[in-house]
1. Residue pairs, Cβ under 8 Å, 6 or more apart or interchain, first in the range A:25-40 and over 13 Å from A:Q203 (Cα atoms), second among the hydroxyl-bearing types (S, T, Y) and near ligand 2 (Cβ under 10 Å from one of its atoms). List them.
2. Between a first residue in the range A:240-251 that is in a helix (DSSP H, G or I) and a second residue that is open to solvent by 70 Å² or more (accessible area, probe 1.4 Å), which pairs have beta carbons less than 9 Å apart while being 6 or more apart in sequence or on different chains?
3. From the residues in the range A:70-90 that are surrounded by fewer than 22 Cβ atoms within 10 Å (Cβ to Cβ) and of a type in the set (D, E), which one is farthest from the other protein chains (Cβ to nearest Cβ)?
4. Tally up the residues in the range A:204-225 that are closer than 29 Å to A:N16 by Cβ and in contact with a Phe, Trp or Tyr (Cβ under 7 Å, 6 or more places away or on another chain), please.
5. For the range A:32-57, how many residues meet the condition of being away from ligand 2 (no atom under 16 Å from the Cβ) and over 14 Å from A:L216 (Cα atoms)?
6. Go through A:S13, A:S60, A:S87 for me and flag whichever is more than 16 Å from ligand 1 (Cβ to nearest atom) and polar (S, T, N, Q).
7. Of these, B:F187, B:F171, which one is open to solvent by 10 Å² or more (accessible area, probe 1.4 Å) and at pLDDT 95 or above?
8. Inside the range B:231-249, can you point out the residues that are surrounded by fewer than 17 Cβ atoms within 10 Å (Cβ to Cβ) and within 14 Å of another protein chain (Cβ to nearest Cβ)?
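The values are calculated or read from the model by the stated rules, or taken from the named source; none is laboratory data. All values derive from a computational prediction rather than experimental measurement. Neighbour counts run over all protein chains shown; Cβ positions are idealised from the backbone, glycine included. We work out accessible area using only protein heavy atoms, side chains counted, and drop any ligands, DNA or RNA first. Shrake-Rupley method; radii C 1.70, N 1.55, O 1.52, S 1.80 Å.
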Amino acid sequence: MEEFIVTEKLTKSYGNVKAIQDLDLNVHAGEVFGFLGPNGAGKTTTIRVMTTLTKPTSGSVRIGGFDVVKESDKVKRMIGVVQQHLSLDRDLTVRENMEFHARLHHIGSSERKRRIEELLEYVELTEYADSMVDTLSGGMKKRASIVASLTHQPKMLFLDEPTVGLDAQARRRLWDLVRRLNSDGTTIFLTTHYIEEAEALCQRVGIMHHGQLIALDTPLELRKKLGLITVETLVDNKQTHYQYFADRDAATSYVQNLPPDVKTIIIRDSNLEDVFVEQTGQKVGDNQ
Amino acid sequence: MITVFNDIYSVLWVDLRFLRRHWLSTLVISLINPLLYLVAFGYGLGSGINFGGVGYLEFVIPGIIALTSMSTSFSGSSSKLHIDRLFYRSFDACLMSPISLFSIVVGKALIGLVRGLLSSVAILAVGVVLSPVLLVTPLFVLVLFTSCFVFAMLGVLIGLVMNTHHAMGTFSNLVMLPMTFLSGTFFSLNQLPDALKAALYVLPLTHSSASLRAAALGQPFPWLSFVAFLGFGLFFFVCSMVVLKRSSA
Ligand SMILES: Nc1ncnc2c1ncn2[C@@H]1O[C@H](COP(=O)(O)OP(=O)(O)O)[C@@H](O)[C@H]1O
Ligand SMILES: [Mg+2]
């Protein structure tokens, strides 16, 4: 398997805060890699280091074989980045923003025009090409940001929390776009704090907590390690207890042998939220 | 070399797109203050004053051109850069592209130069009509260009350093506004005690205004001031480069 991103003992500190701590991570060429974790886990910082915006305190990142600090120019040509917050120029139209990105990446005039039309078509924004960015809906802004970052045809696309603030329909549509980009050959690194997003899109998932990677595998393997089936029980209407089992038979026999004062029994498939809770004692959605 | 020019133009290009849409309002707004100064000082206050054979109006117009070049070039580059960095976050696109920091700094300064020249030339046109003795020589044009560029570079530096809207406003009120009035724009520094006069030479506008006035009135050109002024520009440029390099730490 070709590794597209390799980090070694990557650490980034802001004063006393270790935003990333000894991160060892690899992203395979061609996959959708999900970086899952609650707010403040260090996801954005990791993306900023990988995309050359911030220098690591120690450790290293190589992308496509190039060091992000020493060979940043080569890295920059290979990657496209869509930041967590809208980062388009809101005084310009969608097309102008795309042209700006293409110019910054030295795409010649005729090639530029061709690619912009093609990309607008690709995300169905052709009829909004000459609208000011501010007049677009949230989902359209996101799609515009994505195509703006694709004008130089990067091999790797970073998406930082791409669906935050989008309604359910816009979110689904964006997921489809991510899948389409990936099947057209783009390696994707995406961060999210939505469990279902990581499960729906990502071939492999890294789970971050307080700047540390606490799990790294396919969603299925992570669930297998925990137990594929979860049993939730409520004792005295107070606290929910979770038990994990390799299969339904094991779960059922456990439930049958529970004392009678244990109420509200749910048997369901385990998910990445359970993996996270078991590792950290917190929920991914918690803001600590 | 060609790529550098190309890159600088790419950075300028976005800001030119904006200016193309809003050039008239941008221009009109930038002329309000200088025109008020012209009326209040040139006609109101100074109509009877004479400076060594030069009427006050002739004296003050080059000063007003200098301060116009300062304020419009400065705000032209600083405000857009500030917005791009902190509100639109579109500045990151420049930082994540393979163009050099040099191209980014110069490109971001050029929009200040363009806007500064636009407004200064408009004021100059008014000035030439009101005071036909003004000489628009190649030297004058050179000094005007330089003035716009140096203050545009200061704008880049401040746009890079200030991290809040409030800090930007504070700098304008604490540094730019006093400089407008103290730099020999409205009065001759020769009237001042030596200590104060020396102190005012730390302000870049003092040099720009002295150079512009000498060029416009055909007086002996203060080359030393002009060189000092270029030094300010170089200093602002170097600081901007350092700040930008450190921003990724
Ligand atoms: N520029 C910065 N200066 C100081 N602290 C920062 C900075 N950026 C991030 N942090 C801190 O680093 C930690 C990780 O933040 P971040 O990477 O934004 O998390 P996430 O994207 O997972 O929500 C947080 O504690 C945050 O406060
Ligand atoms: Mg984040």
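1. Short answer, once both residue conditions are applied: A:G37/A:T191.
2. These pairs meet every condition: A:A251/A:Q243.
3. A:E71
4. 3
5. 4
6. Just one listed residue meets the conditions, A:S60.
7. B:F171 is the lone residue from the list that is open to solvent by 10 Å² or more (accessible area, probe 1.4 Å) and at pLDDT 95 or above.
8. Those that are surrounded by fewer than 17 Cβ atoms within 10 Å (Cβ to Cβ) and within 14 Å of another protein chain (Cβ to nearest Cβ): B:K245, B:R246, B:S247, B:S248, B:A249.
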